[in-house]
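Read the structure below first, then the notes.
The values are calculated or read from the model by the stated rules, or taken from the named source; none is laboratory data. Just so you know, these numbers come straight off a predicted model, no measurement behind them. Reconstructed Cβ throughout: ideal geometry from the backbone, glycine too, with neighbour counts over all protein chains shown.
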């Protein structure tokens, strides 16, 4: 798609500095130094943590019943919250990207709010919504549904903080993809749902995938909202970050070992499935 | 222009690296303020004393710090409140604290065992557990024996933290087994679950119930005497202002400190 942009052949080569041609990288050399400092800033603490790992105890520490419970719970709840994000985030991103309406900017600001909100605040807000005394919680409790102190509460807390990641990624992808193919499909007689299914979604699949991965990763790291809203009980609500926070009180070695485990899982998830941002569908 | 940029960037990078390396070595950063650059300070107390105190001491120590500053003009008390375990870790990593007040003897022992204290710690207060229930007391809890009953949502601290260790001790001593719906990592989290009505009852300290005001109701129970928590205070060995640190500890352990602490519900050591 990007290749067709620079129109005619008599354009000078310099006219497209961002086309990723050979020779010219577009990065001034002095930029490398702050870039290196920035990279070091992120990696040095990880290296410091790695140096603190008690390797002789590493395996027993990360395979204790409490650790495995926490890891399993984290993976399950993060997967569930990613599904929740997809179910609600995809329509939300579609609406935000494709249909201008009154109050759209306000809606977007609210949807993105959990990105900048301290997770504790999110937890408090969820508590007053789904808690036993909360806005919806009271009704739910009458219906026999108890969310407080349940694994559902963990998933809700994770979805709350992870949803913006999906919406932002997907909205960006939708806007970059443009509406041309959709318009063509529509003129050829495809209904809106068919266009969405056969044109739009395949077109933004990389953006959707990276958004889902980011949501999963964010869910995996969720801590504040879970602690405030869901509580902490082994196998039920104590996810890996909560287990680390607790172990840090008593056993620093265990906390470091579990931290490494979480980092490894996060790197694996993000590294394996996160694609270069901005890359468009080739064919 | 380009050169100047490069120089500045290089300086910044070098600075960042130096800071990183100093941090790795576990040395405290340059803590001296420009004010006390001159080493020959007069005998009269002056300067800043940094106090790391357990979160449960927030109200009392804030009051005592004001009293200290009023009694010694020209001094300033910097307070840092957090979980005792966090504070002990920070101090052992070189945080610039002058005084450490812990909510349990275990975390103070971590510092004294590592020879990070100046002299021995002194016990200055005790605290016992109390049952906290939401004001409406929906589960009609009136004693410790009510807590294991089915349908009562009890929240306690995890055994890894002092309040949870105390709860476990009481359980063992009384032969009761609680089935908590959550084991929180701090006493404030337990209190939060109770005051918001999420939980029917929680085990917290007497002083926490007092601090929470009328949001929760406290139910004292005799079995709590099985687990009394002792609060020690001590001067940090690397302190640059030990005179001031000792003076503050005198205040806390003296009659004025005792009175403020007793008003907040703390017991005598």
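For region B:192-213, filtering for residues that are within 20 Å of residue A:134 (Cα to Cα), buried (at least 24 other Cβ atoms within 10 Å of the Cβ) and in contact with a strand residue (DSSP E or B) (Cβ under 7 Å, 6 or more places away or on another chain) leaves 6. Scanning region B:188-221 for residues being assigned to a helix (DSSP H, G or I), over 21 Å from residue A:121 (Cβ atoms) and in contact with a helix residue (DSSP H, G or I) (Cβ under 7 Å, 6 or more places away or on another chain) gives a total of 3.
Kindly indicate whether any position in region A:43-55 is closer than 26 Å to residue A:169 by Cα and either within 14 Å of chain B (Cβ to nearest Cβ) or at pLDDT below 60 (or both).
yes
Within region B:76-90, residues that are in the same structural domain as residue B:244 (by TED's automatic domain parsing) and without any contact (Cβ under 8 Å) to a residue 24 or more places away in the chain have Cβ atoms under 7 Å from residues that are in a helix (DSSP H, G or I) and buried (at least 22 other Cβ atoms within 10 Å of the Cβ) in these pairs: B:88/B:107; B:88/B:111, counting only partners at least 6 apart in sequence or on another chain. Would you mind telling me which numbered condition in (1) modelled with pLDDT under 95; (2) under 19 Å from residue A:154 (Cβ atoms) residue B:155 fails? Answer for residue B:155: the failing condition is (1). So, residue A:183, is that one under 14 Å from residue A:219 (Cβ atoms) and part of a helix (DSSP H, G or I) or not? Here the answer is no, as residue A:183 does not meet what is asked. For region A:138-155, indicate whether the set of residues that are touching a helix residue (DSSP H, G or I) at 6+ places or on another chain (Cβ under 6 Å), touching a residue at least 24 places away in the same chain (Cβ under 8 Å) and away from every other protein chain (no Cβ under 14 Å) is non-empty. There is at least one residue in region A:138-155 that is touching a helix residue (DSSP H, G or I) at 6+ places or on another chain (Cβ under 6 Å), touching a residue at least 24 places away in the same chain (Cβ under 8 Å) and away from every other protein chain (no Cβ under 14 Å). Screening the candidates A:272, A:201, A:196 for the property of being in contact with a helix residue (DSSP H, G or I) (Cβ under 9 Å, 6 or more places away or on another chain), away from every other protein chain (no Cβ under 14 Å), closer than 28 Å to residue A:119 by Cβ and in a helix (DSSP H, G or I) yields one hit, A:272.
Conditions tested, residue by residue: (1) within 14 Å of chain A (Cβ to nearest Cβ); (2) in contact (Cβ under 8 Å) with a residue 24 or more places away in the chain; (3) within 30 Å of residue B:94 (Cα to Cα); (4) not in a strand (DSSP E or B).
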residue	(1), (2), (3), (4)
B:171	no, no, no, yes
B:180	yes, yes, no, yes
B:223	no, yes, no, yes
B:232	no, yes, yes, no
B:240	no, yes, yes, yes
B:247	no, yes, yes, yes
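Applying the set (1) within 14 Å of chain A (Cβ to nearest Cβ); (2) at pLDDT below 90; (3) surrounded by fewer than 19 Cβ atoms within 10 Å (Cβ to Cβ) to residue B:136 leaves exactly one unmet item: (2).
For region A:229-248, taking the residues that are assigned to a helix (DSSP H, G or I) and surrounded by 24 or more Cβ atoms within 10 Å (Cβ to Cβ), the one that is nearest to the chain's Cα centre (by Cα) is identified as A:240.
The helices (runs of 4 or more DSSP H) falling completely within region A:65-169 that include 2 or more residues that are exposed (fewer than 14 other Cβ atoms within 10 Å of the Cβ) map to A:65-98, A:104-116, A:137-142.
Would it be correct to say that residue B:149 is assigned to a helix (DSSP H, G or I) and either touching a residue at least 12 places away in the same chain (Cβ under 8 Å) or under 18 Å from residue B:194 (Cα atoms) (or both)? No: the conditions fail for residue B:149. Within region A:253-268, the only residue that satisfies the criterion of being in contact with a helix residue (DSSP H, G or I) (Cβ under 7 Å, 6 or more places away or on another chain) and either loosely packed, with under 15 Cβ neighbours inside 10 Å or on the phi > 0 side of the Ramachandran plot (or both) is A:263. So which of B:172, B:259 is outside the structural domain of residue B:102 (by TED's automatic domain parsing) and either surrounded by fewer than 20 Cβ atoms within 10 Å (Cβ to Cβ) or on the phi < 0 side of the Ramachandran plot (or both)? Answer to the selection: B:172.
Quick check on residue A:206: is it in a helix (DSSP H, G or I) and within 13 Å of chain B (Cβ to nearest Cβ)? No: the conditions fail for residue A:206.
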